[in-house]
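> Right, I'll just put the structure down here and ask away after.
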Amino acid sequence: MPLREDAPPENRFDNPIGLMRECHRRIEWYLDELSAIVAQARGGALAPLQRDTLEAALSYFADNASVHTCDEEVSLFPRMRVAGPEGAALLDTMHALEDDHRQVMEWHAELERLGRQWQQEGWLNREETTRLQSLLNEMRTHYRQHIAIEDHAIFPLATRLLSASEMEAIGREMAARRGLNYDHLRVPRVSPP
């Protein structure tokens, strides 16, 4: 099912892996939407919906890209590294993912610059438009590979290796990183009748 830009998260902080996956879906959705906008507008004037989507994407990446990286590099990966031989076997993979994060942050900075310029000036020249489309293509390709590793190797292994208390600690750290109180966000689950 396609992601709606304004859809609330389906997971809560007591399911940190689920929240990380949702972040991946939002990243993919925004990059696809931005690519479509560039292809349609070709650097010209943006329609109101295109302008709103561009603003939402830039804001999402500015507010969440580095936080999501910390969720993985500060909260998840260190726990996996010490969670036994299976986690240790992925050390090189986790190091490569961390290197990827640094590259992606550079791309996000360039996306922010070009996107804000487009908003402020109302247009991009041909060279800037070509660079923006190329940048989005690079990001989409890169993220597709990066996310596949995390979604299909790292996250399933984390779910198997990490204890409930470790998952709770990750969820608490993620909530705190966003200025939220984990305990106030927990909603008791109702068992089916």
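The values are calculated or read from the model by the stated rules, or taken from the named source; none is laboratory data. Predicted model only: the values in this text are computed from it and were never measured. Neighbour counts are summed over all protein chains in view; Cβ atoms, including those assigned to glycine, are modelled from backbone coordinates with ideal geometry.
> Would you confirm, using the coordinates I've provided, whether D6 is farther than 18 Å from M105 by Cα, crowded, with 17+ Cβ neighbours inside 10 Å and either touching a strand residue (DSSP E or B) at 6+ places or on another chain (Cβ under 8 Å) or modelled with pLDDT under 95 (or both)? Explain how you work it out, then say what you get.
On the way: farther than 18 Å from M105 by Cα: yes; crowded, with 17+ Cβ neighbours inside 10 Å: no; either touching a strand residue (DSSP E or B) at 6+ places or on another chain (Cβ under 8 Å) or modelled with pLDDT under 95 (or both): yes.
No, not satisfied.
> If only one of A89, A65, A109 is under 19 Å from the mean Cα position of the chain (by Cα) and surrounded by fewer than 16 Cβ atoms within 10 Å (Cβ to Cβ), which one is it? Spell out how you get there, then give the answer.
Details: A89 fails: under 19 Å from the mean Cα position of the chain (by Cα); A65 fails: surrounded by fewer than 16 Cβ atoms within 10 Å (Cβ to Cβ).
None of the others qualify; the one that does is A109.
> For R12, only one of the following conditions fails: (1) under 20 Å from D151 (Cβ atoms); (2) in a helix (DSSP H, G or I). What is its number?
All conditions pass for R12, except number (2).
> Among the residues of region 145-152, is any part of a helix (DSSP H, G or I), more than 21 Å from R21 (Cα to Cα) and touching an Asp or Glu at 6+ places or on another chain (Cβ under 7 Å)?
In the first step, residues of region 145-152 are kept if they are part of a helix (DSSP H, G or I); the result is 145-152.
Going one step further and asking which of them are more than 21 Å from R21 (Cα to Cα), we end up with none.
Within region 145-152, not a single residue is part of a helix (DSSP H, G or I), more than 21 Å from R21 (Cα to Cα) and touching an Asp or Glu at 6+ places or on another chain (Cβ under 7 Å).
Rundown of residues vs (1) under 18 Å from L19 (Cα atoms); (2) at pLDDT below 95, yes/no style:
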{"position": "D63", "(1), (2)": "yes, yes"}
{"position": "C70", "(1), (2)": "yes, no"}
{"position": "E73", "(1), (2)": "yes, no"}
{"position": "L76", "(1), (2)": "yes, no"}
{"position": "L111", "(1), (2)": "no, no"}
{"position": "L124", "(1), (2)": "no, no"}
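> State yes or no: is D32 under 20 Å from N137 (Cβ atoms), surrounded by fewer than 18 Cβ atoms within 10 Å (Cβ to Cβ) and modelled with pLDDT of 95 or more? Give the steps one after another, and end with the answer.
On the way: under 20 Å from N137 (Cβ atoms): yes; surrounded by fewer than 18 Cβ atoms within 10 Å (Cβ to Cβ): yes; modelled with pLDDT of 95 or more: yes.
For D32, the condition - under 20 Å from N137 (Cβ atoms), surrounded by fewer than 18 Cβ atoms within 10 Å (Cβ to Cβ) and modelled with pLDDT of 95 or more - is met.
> Name the residues in region 163-193 that are at pLDDT 95 or above and not in a helix (DSSP H, G or I), would you?
Listed by number, the list holds a single entry, S163.
> Here's a follow-up. Just to be sure I understand, how many residues within region 95-106 are of a type in the set (A, V, I, L, M) and surrounded by fewer than 17 Cβ atoms within 10 Å (Cβ to Cβ)?
Residues that pass the stated criteria total 2.
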